[in-house]
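Here the structure is laid out as structure tokens; the discussion comes afterwards.
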Amino acid sequence: MIIKHINTQPFMDQRPGTSGLRKKVSVFQQSHYLENFIQSIIDIIGGGKGKTWIIGGDGRYFNDEAIKIILRIVCANKFKKVWIGQNGLLSTPAVSHLIRHYYADGGVILSASHNPGGIKGDFGIKYNTSNGSPAPENIVEKIYQRTQEITTYRISDDFSLDLSFLNKHTYEETEIEIVDSVYEYALLMEKIFDFQAIQDLFIIKKFNFVFDAMHAATGPYALDIFEKRIGASSGTVKNFIPQKDFGGIHPDPNPIYARHLVDLMMQDQHPDFAAASDGDGDRNMVIAPSQIIIPSDSIAILAAHAHLIPAYQNGLKGVARSMPTSQALDQVAHFLNIPCYETPTGWKYFGNLLDAGLITLCGEESAGSGSNHIREKDGLWAILFWLNLIAIKREPVNKIVSDHWHKFGRHFYARYDYENLDKNIADKMMNGFAENMHKFINKTIHSRTIIKIDNFSYQDPIDGFIVYHQGFRLILDQGGRIVMRLSGTGTEGATLRIYLEQYIKNYRDYSIQSAYILHELDYISKEILKLTEYTGLRQPTIIT
């Protein structure tokens, strides 16, 4: 095998965002672009000699080509071993599990998660460390700095490798093993949940469940777990064949892009429960008849009932949520007398808390829930948790939700996204608010008084690392809260996200729409940001 040392120049746009480096496919297809980034990761971990990695992706366009390039770089850098998912496929939760299962030094996930796929769509790369967690902020910064100074990368000559067969291959010092993408993950789920109880729910109770894999990574996992292992009827899992463009579907499990599933559950004749997951399998959406269960409520309800699940029957050490996520989880933690940590957006901030044994469950408003079983959010885990809970309680999903609100109160909540904003204008708007935010404290707008405003910062309780400027938090009277931040997961322009939350402790009319409760907060957020003045927009691109 011939090892080549290729001269290169830095690309100025390789700073990873909240979940890795995400760009248009055409950007990654540039000569040296992918190679520079992978070599930079290898350089900052001390080189590849003797190292082991897990490699896999969600099957989107450019996944196969990227894996071939990465393998050539891995071999040239003298890795000891890499494990690759069959056909190059691995869900993000599966990568995290395999890193931990094989005690690998880390892993590379090829995905842009919930972003669109296809030749004109998005692609992404995320590096996970030896604990299975997304690389922490200090590692991410080192990777970026290396991309800005790199002058050469190592790559072997091309070689042929069929990823469709489970097999082992050796190239020079590197062993490449192609593994079953589903098997180890499915075994892990069997250890966490009571599959027999769920099977009885399906077969004996005739529970009607629909899962939409959205032509994405979780299709093979869901088919194996729900239909083969648990015994759900054939056809339970929809759109289970991964496709490079996700079948033309935007693989984000929310009420907009999974509208067909929402419409199904709003009909008179509907399944008992429905769910979906996203491109790489880390997000989830769960739907009861005539009711979408928002992610913030979902993690709170799961935490409140965790003692019913085999893996968590001894109780929870603690819980954590991202800062924009509603405070519904805080209410449960207070009741259980366990700590609740508030972290910045991004699953990497949960890693240290999980490793230190400070928390057991964690979640974020962007459809992510997880636990200490891995170090990523996990869509199928959350759905199995709900199914196991329904099987044990033997109650309709809607009753489980309404009983939770009756006990803990209800956090009316919504996220308003303003997408594809001019980045300079978005920055100017947010900077303008930052300069004047002190003027709004104790000010009454539309009959609501703003009590406190801050720009959220976080100090990791384990390693002491501090991150600043993670989003503006506004605390209002009467249980109101507004969060405003620019997102780091898009590939075009800027996305402004405004999170509206209103807590009502003794609310009983559960049929009322969140928009009615939140309209005052919506008005306030637009006024203090001067949103329409800056952007010309009066309505968000999407509401979830």
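The values are calculated or read from the model by the stated rules, or taken from the named source; none is laboratory data. This structure is a prediction, so every number in the text was calculated from the model and none was measured. Cβ coordinates were reconstructed from backbone atoms using ideal geometry, including for glycine residues, and neighbour counts include every protein chain displayed. All accessible areas refer to the heavy atoms of the entire protein, side chains included, with ligands and DNA or RNA removed. Shrake-Rupley method; radii C 1.70, N 1.55, O 1.52, S 1.80 Å.
Only one of the numbered conditions (1) under 27 Å from Leu261 (Cα atoms); (2) open to solvent by less than 10 Å² (accessible area, probe 1.4 Å) is not met by Met323, and that is (1). Residues that are part of a loop (DSSP other than H, G, I, E, B), on the phi < 0 side of the Ramachandran plot and surrounded by fewer than 19 Cβ atoms within 10 Å (Cβ to Cβ) within the range 328-357 comprise Ile338, Pro339, Ala356, listed in sequence order.
Put simply, of His438, His406 the only residue that is closer than 29 Å to Ile294 by Cα and either in a helix (DSSP H, G or I) or of a type in the set (Asp, Glu) (or both) is His406. Taking the range 116-132 as the range and being in contact with a Ser or Thr (Cβ under 7 Å, 6 or more places away or on another chain) and open to solvent by less than 20 Å² (accessible area, probe 1.4 Å) as the test, the residues that pass are Asp122, Gly124, Asn128, Gly132. Is there a residue in the range 150-161 that is out of contact with any strand residue (DSSP E or B) (no Cβ under 9 Å at 6 or more places or on another chain) and free of Cβ contacts under 8 Å to residues at least 40 places away in the same chain? Yes. Exactly one residue out of Ala232, Ala217 is buried (at least 18 other Cβ atoms within 10 Å of the Cβ), in contact with a Gly (Cβ under 7 Å, 6 or more places away or on another chain) and in a loop (DSSP other than H, G, I, E, B), and it is Ala217. Checking each residue in the range 84-115 for being surrounded by fewer than 20 Cβ atoms within 10 Å (Cβ to Cβ) and either at pLDDT below 95 or among the acidic types (Asp, Glu) (or both) picks out only Asp105.
State whether one or more residues within the range 174-191 are small (Gly, Ala, Ser), farther than 30 Å from Gly493 by Cβ and in a helix (DSSP H, G or I). Yes, the range 174-191 has at least one match. Checked against the criteria, Ile70 counts as outside any loop (DSSP other than H, G, I, E, B) and closer than 19 Å to Lys49 by Cβ.
Which of the residues that make up the range 128-159 are farther than 16 Å from Lys51 by Cβ, in a loop (DSSP other than H, G, I, E, B) and in contact with a helix residue (DSSP H, G or I) (Cβ under 6 Å, 6 or more places away or on another chain)? Those that are farther than 16 Å from Lys51 by Cβ, in a loop (DSSP other than H, G, I, E, B) and in contact with a helix residue (DSSP H, G or I) (Cβ under 6 Å, 6 or more places away or on another chain): Ser133, Pro136, Ile150. The number of residues in the range 29-81 being hydrophobic (A, V, I, L, M, F, W, C), more than 22 Å from the chain's Cα centre (by Cα) and either on the phi > 0 side of the Ramachandran plot or open to solvent by 10 Å² or more (accessible area, probe 1.4 Å) (or both) comes to 3.
State yes or no: is Phe79 within 21 Å of Ala104 (Cα to Cα), in a loop (DSSP other than H, G, I, E, B) and of a type in the set (Phe, Trp, Tyr)? Criteria met by Phe79. If the condition is being within 25 Å of the chain's Cα centre (by Cα) and open to solvent by 50 Å² or more (accessible area, probe 1.4 Å), then the range 399-421 contributes Glu419, Asn420. Within the range 468-485, the presence of a residue that is of a type in the set (A, V, I, L, M, F, W, C), in contact with a helix residue (DSSP H, G or I) (Cβ under 9 Å, 6 or more places away or on another chain), modelled with pLDDT under 95 and open to solvent by 10 Å² or more (accessible area, probe 1.4 Å) is excluded.
Looking only at the range 140-155, count how many residues are surrounded by fewer than 19 Cβ atoms within 10 Å (Cβ to Cβ) and farther than 21 Å from Arg72 by Cβ. Residues flagged as surrounded by fewer than 19 Cβ atoms within 10 Å (Cβ to Cβ) and farther than 21 Å from Arg72 by Cβ within the range 140-155 amount to 6. Could you list all residues from the range 292-310 that are surrounded by 18 or more Cβ atoms within 10 Å (Cβ to Cβ) and either in a loop (DSSP other than H, G, I, E, B) or not β-branched (Val, Ile, Thr) (or both)? Those that are surrounded by 18 or more Cβ atoms within 10 Å (Cβ to Cβ) and either in a loop (DSSP other than H, G, I, E, B) or not β-branched (Val, Ile, Thr) (or both): Ile294, Pro295, Ser296, Asp297, Ser298, Ala300, Leu302, Ala303, Ala304, His305, Ala306, Ile309. Selection of strands (runs of 3 or more DSSP E) fully inside the range 1-66 by the criterion of at least 3 residues being within 23 Å of Leu89 (Cβ to Cβ) and basic (Lys, Arg) returns 21-24.
Looking only at the range 192-213, filter to residues that are out of contact with any helix residue (DSSP H, G or I) (no Cβ under 6 Å at 6 or more places or on another chain) and buried (at least 19 other Cβ atoms within 10 Å of the Cβ); which one of those is nearest to His260 (Cα to Cα)? Out of the qualifying residues, it is Val210.
Is it the case that Ile249 is among the aliphatic types (A, V, I, L, M) and either open to solvent by 30 Å² or more (accessible area, probe 1.4 Å) or modelled with pLDDT under 95 (or both)? Considered against the rule, which asks whether it is among the aliphatic types (A, V, I, L, M) and either open to solvent by 30 Å² or more (accessible area, probe 1.4 Å) or modelled with pLDDT under 95 (or both), Ile249 comes out as yes.
In the range 222-233, the residues that are touching a residue at least 60 places away in the same chain (Cβ under 8 Å) form Cβ pairs under 9 Å with partners that are open to solvent by 40 Å² or more (accessible area, probe 1.4 Å) and part of a loop (DSSP other than H, G, I, E, B), at six or more places apart or across chains, as follows: Ala222/Phe240. Taking residues in the range 46-73 that are over 21 Å from Tyr103 (Cβ atoms), and partners anywhere that are of a type in the set (Phe, Trp, Tyr) and part of a helix (DSSP H, G or I), the pairs with Cβ atoms closer than 8 Å and at least 6 places apart or on different chains are Arg60/Phe246; Phe62/Phe28; Ala66/Phe28.
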